[in-house]
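Down below is the structure, laid out as structure tokens.
Taken together, the values in this text are just the output of simple stated rules run on the coordinates, not laboratory data. Computed from a predicted structure; not experimentally measured. As a convention, Cβ positions derive from the backbone with ideal geometry for all residues, glycine included, and neighbour counts pool all protein chains shown.
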Amino acid sequence: PQGTKFTHAMKWKTISIITLASFLSLVLFYHVNNGRDTPVISIPIDTLVIAEGVTTAGTSLVNTTRTTATTIWTTVGADVTEAPYWTSTLYTPTFIERINGTWIIVDCWHHRIISSATLESPFNLWASLGIGPSDEMIVPHSVATDGQWIVTESSNGGSDGDNHTVLVYTLGEAGSFHYHQSVPACPGNAARRPHRIIYDNITNAFYLYLTNPPHLAKLVPTKDGVVPVYCRPIPQMKGAYGRSIVIKDGSIYITAGPKAVTELSLENLNFKRYYGIKHLRMQTGKMNDLAYFDGWWYATSTVKCNIVRFRSLHNFRDMQILTQQLDLCHEFDRSKKRCRGGTPHYLTKIGHRIYVPYIFHCSGVVSFIDKGDTISDVQHHWGDGWVEQRDDIAVRGTRW
């Protein structure tokens, strides 16, 4: 109380009470979370939490849950940093895009899609897309939009799971996304493990590639949502683990089938031809992406870890290896928290820059500008990436 003398004994008694309360709070958080992903909370020095629902700053506590079922305590109106720790990192980011001025990253092995108005913001400040009451977002790989709907893939249970879906969101104002519906990726689970979804504005349709066994699904946007049209087998891809598709000039290309990139007619999925990939220094089934921007084909792979570009699929004319220029495909050191140079994955062109997320043991995003015959202004965003930690592997393992 104002005017009361604050004695030395009172000071130490107060410190003891605060210390005891802090210890009991940690025990409470541990039991709330069953010992998993215990939140670490950063609270301003003038906002001491006395009890649930009360703070010295006069704000109230809110109990919220994420899709990972981790309880997170925040304060309304107070500067509190959420945890667990992994919310501030990336772990195998497979895709990056910018929609309606909002940056979106598919943080695959964290089983989330996050969004922010500013690319370089710390990740604990990015928002996570919500999901429906009966759905989970498990290992999403990409997003696509027709301007009204934004869609992504989800594979509950992995390759042998029984809920492989396309999750559909509405695009709201100020970069907000609202869950709308869940659509079966392939009716009756005829195919599982959806791996890449894209939108084609000429046919006004979404196309989804599933890997187990190889199938291609077509979905069309309507005013009420997204409606499946077909899910057809792709026998030409039998025995190969395809990861991506790209549409160009009435054809759809799938990477990479037995010994080759597979080209089909987009209209009827009739086979057109194979393109051998041995000149790209990539192994069958280890190719991650094939993309086409401004006269250049780009290809990424895991084995051999590489990113290349070339003018023609027929003869790989003017092929350039970009791996060293982008500072990718390095060995990683788990004793460190930050790293540079993981495995390149899906490419996107946003504005005048091409973005390449890198994945696995070192996770981050690099971008560059195409100058015609050369590339320039290489940027590793957030300075560099994040090293895979043993706790990361445990989180991935419990969800996959």
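Summary of computed values
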read-out	value
Cleavage-rule hits (chymotrypsin sites (Phe, Trp or Tyr not before Pro)) in region 358-395: DSSP loop, at most 14 neighbouring Cβ within 10 angstrom	none
Principal axes of region 141-271: Cα extent on each, largest first, Å	45, 35, 22
Cβ-derived FRET efficiency at R0 56 Å, Tyr85 paired with Ser251, nearest 0.05	0.80
Per residue, the convex hull volume that the Cα atoms of region 191-267 enclose (Å³)	79 Å³
Region 164-304 - percent relative contact order, Cα under 8 Å, separation 6 or more	13 percent
Label-point gap, in nm, between Asn124 and Thr170 - each point 7 angstrom along Cα→Cβ	3.3 nm
Rg(Cα) / (2.2 N^0.38 Å) computed for region 220-327, rounded to two decimals	1.15
